[in-house]
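What follows is a single structure, written as C-alpha cells, with notes after it.
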Amino acid sequence: MLNFLISQDRYIPVKDILYSIQQVLPNVSHDTIYRNLYLLANEKLLEMTNLHGKRYFRFACNLMEITNILFVTYVGVQKHLNFIR
C-alpha cells in the first residue's frame, strides 16, 4: 500500500488504493484497507482529506527524514524497517 501511495504525488481515493492492493491480495477487505489507512494517518505517515463525502489519502513523509517505521505484515507479527540513505 505504501509503495502505491509513494509512487503517486496526489490524494488517492480509497477505492483506487483498494483496487491496487487487490491486484496482489485479492481477498483483502475494504474494512482492512480503511483500518490501515486510518492507522497510518494517525501516525502522520499519510495525509487524509474529505472531498465530496469521500476519503482521500496521500503519502505525507519525506523518506529522507524517516529512520524507523513499524509495519504490521501479519496479525500479531511486527517488524522494524530502516530507511537510511
Name the residues in segment 2-34 that are surrounded by fewer than 12 Cβ atoms within 10 Å (Cβ to Cβ) and either small (Gly, Ala, Ser) or within 10 Å of the chain's Cα centre (by Cα) (or both), would you? Asn3, Ser7, Ser29
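A quick yes/no check of all residues on (1) at pLDDT 90 or above; (2) part of a strand (DSSP E or B); (3) hydrophobic (A, V, I, L, M, F, W, C); (4) under 24 Å from Asp16 (Cβ atoms):
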| site | (1), (2), (3), (4) |
| --- | --- |
| Tyr38 | yes, no, no, yes |
| Met64 | no, no, yes, no |
| Ile69 | no, yes, yes, yes |
| Thr73 | no, yes, no, yes |
| His80 | no, yes, no, no |
Failed item in (1) in contact with a Lys or Arg (Cβ under 9 Å, 6 or more places away or on another chain); (2) modelled with pLDDT under 85, with Phe4 passing the rest: (1)
Tally of residues being of a type in the set (S, T, N, Q) and under 16 Å from Phe4 (Cβ atoms) across segment 20-44: 5
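The values are calculated or read from the model by the stated rules, or taken from the named source; none is laboratory data. Only a predicted model underlies this, so the values are computations on that prediction, with no experimental measurement involved. With ideal geometry, Cβ positions are generated from the backbone for all residues, glycine too; neighbour counts draw on all protein chains shown.
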